[in-house]
Amino acid sequence: MREPGDLLEKVWELIDREEPVRLARELVRIPSVYRPEDPAGNEEAAARFVAEYLEGAGFEVRTEEVAPGRPNVWAVWEGDLPGKTLLFEAHTDVVTEGVAEDWEHPPFAAEREGGRLYGRGSCDTKGNLAAAVVAVRAIKDSGVSFPGRLVLCHPVDEEGMMAGIKAFVEGGHASGVDAAVICEPEENQLCVRQKGALRVEVTVRGRMAHGAMPLSGVNPVTRAARFVVAVEELEREEIGRCGEDPFVGYPSLTPTILMGPEFGEPQINVVPASAYVALDIRTTPAQSHGELVGKLEGILKRLADEDPDFDATLEVIEERPPTETPKDEPLVRATAAAYRRLTGAEPRYNGVPGATDGTFLHAWAGIPIITTGAGDREIPHHKDEWVDEEELFTACKLYAATAMYYAYGED
């Protein structure tokens, strides 16, 4: 791995310690929670702010609506020499703040205290979005010779069904990208694996009856419960078969919703006509999604064979495959070299416990990814979310160094 040498020092000199925090505070103050019932409840204001900042910094900026009020933003900068294309990805949406009164620091006030920036999205992942933007801007403004192209990608809906990054890939905008850094709160660890996910819905059909005369109907609730118990057993079997992945831990099959009836109002003295079960399944690279769905369908078949009144259907509404990037991949080598240069220590490798937008950059576009950034891994989605400002500054310098090492590549 060639050393960027003094060129990197010139880039780092342009990174003001306060700028990532200042930019992150501006973003945190813009609520970008998706609320379908609220016309202003979307990412539009945050996305427009990012676009205007990048335009003002001299980037070529593009926006594209994924849905009304939900625009993706990306910016491209070309170096003065031909080379590879590296993309930095950080989403603009955040999860709900819940009950704002439960927060000690108001969720959208972007308060600073004790070396921390507080607020919804400070950790996941507006702080890292700001760090990536400042890092790439420093490379551009430094005037150093740079072989390659850098892309800043800021999609919507990462916290939902990831419609933003899906549209980005489907629109061909990831074409020509050689590698991607996914900017998420990982304590600046180098995450080379991430869990996959399956979202599964099961509908169990019964026949309505009076609660006092249950035998005159068919109870879907008890039959749905049998399925849930069988899923728990399947989880134990998968854990025993796969073991613990050193980076992403154990697989899980988690029933998150059991509801009867599937639609309409429940009543305590009515056997409902249907029941609904939702599963949040998290997989490791040792598992096949197709085989796992087959096992779930096998459970339904077994229950139907045992009970002629058992009638259920299964639908996979979302699939996110697990991802793995080898440590000898050029991007991982570049990030590791950048980490050593920055900290003087060996990098810490890890895995992402959930899926990210990188899932689809990898699975749909074939792009090698690494996930890293500032922020305690357990803080996202909590009240009083925060990011350490010093860690954010380190992430900013790490992003800049990664781009430089990746651009200069192998000997």
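I'd like the projected area of region 28-98, averaged over all directions, using the convex hull of its alpha carbons. Report it in nm² with one decimal. Numbers along the way, then the final one.
Details: hull surface 23.3 nm².
So the mean shadow area of the Cα hull is 5.8 nm².
Any chance you could count the Lys pairs in the chain whose alpha carbons are under 19 Å apart, treating pairs 8 or more apart or on different chains as valid?
9
Measure off 7 Å from each Cα along the Cα-to-Cβ vector at D16 and H210, then give the distance between these two points in nanometres to one decimal.
Placing both labels 7 Å beyond Cα along the Cβ direction yields 7.7 nm.
Can you tell me how region 234-349 classifies by the Cα gyration tensor, rounded, prolate or oblate, using a/c under 1.5 as the rounded cut?
Numbers: a/c = 3.68, a/b = 2.52, b/c = 1.46.
Prolate shape, in that a/c is at least 1.5 and a/b is the bigger ratio.
Heavy atoms of the protein only, probe of 1.4 Å, neighbouring chains included. What is the accessible area of L303 in Å², nearest 10?
Only protein atoms counted, so the area is about 10 Å².
DSSP beta bridges in the chain, what fraction antiparallel, as a percent rounded to 5?
Values: 51 of 71 bridges.
Around 70 percent antiparallel, to the nearest 5.
Along Cα→Cβ, 7 Å out, is where each label goes; now give me the distance between the ones at V228 and V293 in nm to one decimal.
2.5 nm
Under 1.5 on a/c is rounded, so check that first for the chain, then, if it is not, pick prolate when a/b is larger than b/c and oblate when it is not; a ≥ b ≥ c are the square roots of the alpha carbon gyration tensor eigenvalues. Intermediate results must be reported in sequence, preceding the final value.
On the way: a/c = 2.40, a/b = 1.84, b/c = 1.30.
In terms of gyration-tensor shape, prolate.
I'd like the accessible area for I257: 1.4 Å probe, protein heavy atoms, all chains in place, Å² to the nearest 10.
I257 exposes around 70 Å² with every protein chain in place.
Taking the chain as the reference, fit the longest principal axis to its C-alpha atoms, fit the long axis of helix 127-142 to the helix C-alpha atoms, and give the angle between the two in degrees, 0 to 90, nearest 10.
30 degrees
Among rounded, prolate and oblate, which fits region 367-411 when a ≥ b ≥ c are the square roots of the eigenvalues of its C-alpha gyration tensor, a/c under 1.5 means rounded, and a/b larger than b/c means prolate?
Details: a/c = 5.17, a/b = 2.13, b/c = 2.43.
Oblate.
Ordering D309, D93 by how much accessible area each has at a 1.4 Å probe, largest first, what is the list? Write out the running numbers ahead of the final one.
Working: D309 75, D93 5 Å².
Largest accessible area first, the residues go D309, D93.
Can you tell which of V270, L23, A403 lies farthest toward the positive end of the dipole of the chain, using +1 and -1 charges on the Cβ of basic and acidic side chains (Lys, Arg; Asp, Glu)?
A403
With springs connecting C-alpha atoms under 10 Å apart, model the chain as a Gaussian network and identify which of T283, T371, T256 has the largest mean-square fluctuation.
T256
Just the number, please: percent antiparallel of the DSSP beta bridges in region 87-230, rounded to the nearest 5. Numbers along the way, then the final one.
Numbers: 3 of 9 bridges.
Expressed as a percentage, antiparallel bridges in region 87-230 total about 35.
F247: accessible area at probe 1.4 Å, nearest 10 Å²?
Rounded to the nearest 10, that gives 50 Å².
Calculate, for the chain, the solvent-accessible area per residue in square angstrom, rolling a 1.4 angstrom probe over the heavy atoms of the protein chains.
Details: 17020 Å² over 411 residues.
Computed with neighbouring chains in place, this is 41 Å² per residue.
Placing +1 at every Lys and Arg Cβ and -1 at every Asp and Glu Cβ, with all other atoms neutral, what dipole size does region 51-149 have around its Cα centre, in debye to the nearest 20?
Details: 10 positive and 17 negative charges, 88 e Å.
Taking the Cα centre of region 51-149 as origin, the dipole is about 420 debye.
Using only Cα positions of region 269-411, each an equal point scatterer, no hydration layer, compute I(q)/I(0) via Debye at q = 0.12, 0.13, 0.16, 0.18 Å⁻¹ and quote the log10 values to two decimals.
Those come out to -0.71, -0.78, -1.00, -1.16, one per q.
So between T254 and E101, what do we pick up on full extension, going 0.36 nm a residue minus the alpha carbon distance? Mind showing how you got there, number by number?
Numbers: separation 153, 0.36 × 153 = 55.08 nm, distance 3.04 nm.
That pair, T254 and E101, stretches by 52.0 nm at full extension.
Can you find, among L215, A225, Q189, the residue sitting farthest towards the positive end of the charge dipole of region 176-269, where Lys and Arg contribute +1 and Asp and Glu -1 at Cβ?
Checked the options; the winner is L215.
So what is the 222 nm mean residue ellipticity for the chain from helices alone, if each DSSP H run of at least 4 adds -39500 (n - 2.57) and you divide by all residues, rounding to the nearest 500 deg cm²/dmol? Intermediate values should be presented prior to the final figure.
Working: 10 runs with 137 residues, N = 411.
One gets -10500 deg cm²/dmol as the mean residue ellipticity at 222 nm.
Rounded to the nearest 20 Debye, what is the dipole magnitude of region 305-388 about its Cα centre when Lys and Arg each give +1 and Asp and Glu each give -1 at the C-beta? The partial results should precede the final answer.
On the way: 8 positive and 18 negative charges, 259 e Å.
It comes to approximately 1240 debye.
At what distance in angstrom do the alpha carbon centres of region 65-130 and region 297-346 lie from each other?
24 Å
Which one of P31, P20, P285 has the biggest mean-square fluctuation once the chain is modelled by GNM with Cα springs under 10 Å?
P285
What does the highest-first list of 269-275, 287-293 look like by mean Cβ count within 10 Å? Write down the numbers at each step before the final one.
Numbers: 269-275: 19.1, 287-293: 14.7.
Descending mean neighbour count gives 269-275, 287-293.
Return the ratio Rg/(2.2 N^0.38 Å) for region 230-271, where Rg is computed over Cα atoms only.
Values: Rg = 16.5 Å, N = 42, 2.2 N^0.38 = 9.1 Å.
Here the Cα radius of gyration is 1.81 times the empirical estimate.
What are the principal axis extents of the Cα atoms in region 73-151, in Å, biggest first?
Taking max minus min along each principal axis of the Cα atoms, region 73-151 gives 53, 24, 13 Å.
Could you give the dipole magnitude of the chain about its Cα centre, charging the beta-carbon of Lys and Arg +1 and that of Asp and Glu -1, in debye to the nearest 20?
Taking the Cα centre of the chain as origin, the dipole is about 500 debye.
Just going by the charge dipole of the chain, with Lys and Arg at +1 and Asp and Glu at -1 on Cβ, which of P347, G41, P330 is farthest out on the positive end?
P330
Stretched out fully, how many nm does the piece from Y349 to R35 gain, at 0.36 nm a residue minus the Cα gap? It would help to have the intermediate numbers written out before the result.
Details: separation 314, 0.36 × 314 = 113.04 nm, distance 3.57 nm.
Gain on extension, Y349 to R35, equals 109.5 nm.
The values are calculated or read from the model by the stated rules, or taken from the named source; none is laboratory data. As the structure is a computational prediction, the values presented were derived from the model and not from experiment. Backbone-built Cβ (ideal geometry, glycine too); neighbour counts: all protein chains shown. SASA here: full protein model, heavy atoms, side chains in, ligands and nucleic acids out. Shrake-Rupley method; radii C 1.70, N 1.55, O 1.52, S 1.80 Å.
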